[in-house]
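Report on one structure; see the data block that follows.
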Amino acid sequence: MFYEKIVMEILNSFSEINWLSVIVSTIIAFAIGAVWYSPLLVGNAWQKEINLSTDDLKNTNMALVFGPAFVLTFIGAIILELLIGQQSTLAEGLVTGLIVSIGFITTALGINYLFARHSLKLFLIDSGYFIIFFAVMGMILGAW
């Protein structure tokens, strides 16, 4: 069947993954999040939109937030690497990252945010992050 062929191709592609580029793109994408959600950029607005106080942040076990977030970023990098492939360019990686982020991530966030009645501002903050996140990650993976 068609889907079985795709699954087998993806599983075979794991042997061709450039793990160094996946690790580097994961670290850089994670760092982008640290800057994006910091008070230097949108951190204060984001906190306000989700009703999260500075005390709430201080009382959070950051290892339980950042650890799984890093693992999820790594998984996203692996999947993006599989989509981009080994014979790609920076431009192809960028386009793939934009397709994934705009075509899938932001549309899914938008649907979720509409039903949860989250603000447009929060949607723009979070979707903007994922667009930059996957675009940069795609460029790194494509160029490597």
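A few notes on this one:
- Taking residues in segment 56-79 that are within 14 Å of LEU141 (Cα to Cα), and partners anywhere that are of a type in the set (S, T, N, Q), the pairs with Cβ atoms closer than 7 Å and at least 6 places apart or on different chains are THR73/THR26; PHE74/THR26; ALA77/SER25; ALA77/THR26.
- Candidates ILE105, ILE28, ILE99: the one that is within 18 Å of ILE132 (Cβ to Cβ), of a type outside the set (Phe, Trp, Tyr), surrounded by fewer than 16 Cβ atoms within 10 Å (Cβ to Cβ) and under 13 Å from the mean Cα position of the chain (by Cα) is ILE99.
- Residues located in segment 4-49, provided they are small (Gly, Ala, Ser) and in a helix (DSSP H, G or I): SER13, SER15, SER21, SER25, ALA29, ALA31, GLY33, ALA34, GLY43, ALA45
- Residue list for segment 92-126, filter: small (Gly, Ala, Ser) and out of contact with any Gly (no Cβ under 7 Å at 6 or more places or on another chain): SER101, GLY103, ALA108, GLY110, ALA116, SER119
- Note on segment 42-55: residues that are without any contact (Cβ under 8 Å) to a residue 12 or more places away in the chain and surrounded by 15 or more Cβ atoms within 10 Å (Cβ to Cβ) total 2.
- Unmet requirement for GLU4, which otherwise passes all of (1) loosely packed, with under 12 Cβ neighbours inside 10 Å; (2) touching a residue at least 40 places away in the same chain (Cβ under 8 Å): (2)
- Selection of segment 58-71 for residues being in a helix (DSSP H, G or I) and surrounded by fewer than 12 Cβ atoms within 10 Å (Cβ to Cβ) yields LYS58, MET62, ALA63, LEU64, VAL65, GLY67, PRO68, VAL71.
Bear in mind these aren't lab numbers, they're just calculated from the coordinates by the rules spelled out. Note that the coordinates shown come from a computational prediction; the quantities given were computed from them, not determined experimentally. All Cβ positions, glycine included, derive from the backbone under ideal geometry; neighbour counts span all protein chains shown.
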